[in-house]
Amino acid sequence: MLPIFICEDNRIQRERLKKYVEDFIMLEHFDMEIVFSSGNPYEVLEEIEKSAGMGLYFLDIDLQQPDLNGFELAKKIREKDSRGFIIFITTHAELTYLTFTYKVEALDYIIKDNLNEVQERVHDCLRSVQQRMLDERDPDKYFTFRLNDKKVIHEKQDDILFFETSTKSHKVVLHGKNRQIEFYAKMRDVEKILDEPFYRCHRSFLVNKNNINVVDRATGELTMTNGEICMASSKLIRGMKL
């Protein structure tokens, strides 16, 4: 999932932008989510620090802060996320040239003078980000599946710890480094999609061997890198090569 952060000090404009983004993500089934939205750039930076990996950032320029405008915020974001997507939304068309001065490599610079145009430009940016992610993606390195009628998930295989059959009929739980996702599937179908380093260690578990931290062959417990426990049968654990 691509996390999205919004920093806009005008509450009405912030809520409008948030709706543009959320509605379009749902409509297009993009694997993105707004994880934080605020008018305070310091709060946004704090939340970004908690995030792992690449993000998408919608930033106002005039944030009513004496020592941190949108360009300076973008520069700080770039120090943490060199590959993320930064989009400026502002009333200050005359400041466009400063995107080069600050060297933040913005994806777009949207002027707030026409609401319909702003909405369309935001949608264009989301389409562009989605396409770039697809273009860069190695299909052999991602597990892709339909979560429901409205959303498709693309999970990086390196971030998957293991799959477990759910207590709910015909469902499987993906245990990832950053999230857990339950979806309709049969374990044998998931197993067919994935090869090394994934290993069927139990009728109810399919494990990513690269994310195993400890193997206890006596108890059949596999401790993952995040501390979660995955079970392995006595027969299958003997055949597992790390």
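Values as computed for the structure displayed
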| item | result |
| --- | --- |
| Residue selected from the range 7-33 under the condition in a strand (DSSP E or B) and in contact with a helix residue (DSSP H, G or I) (Cβ under 6 Å, 6 or more places away or on another chain), by the criterion surrounded by the most Cβ atoms within 10 Å (Cβ to Cβ) | 7 |
| Selection from the range 34-52 of residues that are free of Cβ contacts under 8 Å to residues at least 60 places away in the same chain and part of a loop (DSSP other than H, G, I, E, B) | 39, 40, 51 |
| Residue selected from the range 59-87 under the condition modelled with pLDDT of 85 or more and touching a Cys at 6+ places or on another chain (Cβ under 7 Å), by the criterion nearest to residue 125 (Cα to Cα) | 87 |
| Residue selected from the range 141-166 under the condition of a type in the set (Lys, Arg) and assigned to a strand (DSSP E or B), by the criterion modelled with the highest pLDDT | 156 |
| Residue 182 acidic (Asp, Glu), surrounded by fewer than 18 Cβ atoms within 10 Å (Cβ to Cβ), outside any helix (DSSP H, G or I) and touching a residue at least 12 places away in the same chain (Cβ under 8 Å) | yes |
| Counted residues, the range 223-242 - those being crowded, with 18+ Cβ neighbours inside 10 Å and either touching a residue at least 40 places away in the same chain (Cβ under 8 Å) or assigned to a loop (DSSP other than H, G, I, E, B) (or both) | 3 |
| Residues of the range 190-222 classified as among the hydroxyl-bearing types (Ser, Thr, Tyr) and surrounded by 18 or more Cβ atoms within 10 Å (Cβ to Cβ), total | 1 |
| Among (1) open to solvent by less than 50 Å² (accessible area, probe 1.4 Å); (2) assigned to a loop (DSSP other than H, G, I, E, B) - the single one residue 65 does not satisfy | (1) |
| Residue match in the range 117-131 (condition: at pLDDT below 85 and assigned by the TED database to the domain that holds residue 77) | no |
| Sole exception among (1) closer than 30 Å to residue 24 by Cα; (2) modelled with pLDDT of 85 or more; (3) open to solvent by less than 20 Å² (accessible area, probe 1.4 Å) for residue 187, by number | (1) |
| Some residue of the range 97-108 being modelled with pLDDT under 85 and part of a strand (DSSP E or B) | no |
| Residue check for residue 112: among the basic types (Lys, Arg), open to solvent by 70 Å² or more (accessible area, probe 1.4 Å) and modelled with pLDDT under 90 | no |
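The values are calculated or read from the model by the stated rules, or taken from the named source; none is laboratory data. As the structure is a computational prediction, the values presented were derived from the model and not from experiment. Cβ atoms come from the backbone with ideal geometry, glycine included; neighbour counts cover every protein chain shown. All accessible areas refer to the heavy atoms of the entire protein, side chains included, with ligands and DNA or RNA removed. Shrake-Rupley method; radii C 1.70, N 1.55, O 1.52, S 1.80 Å.
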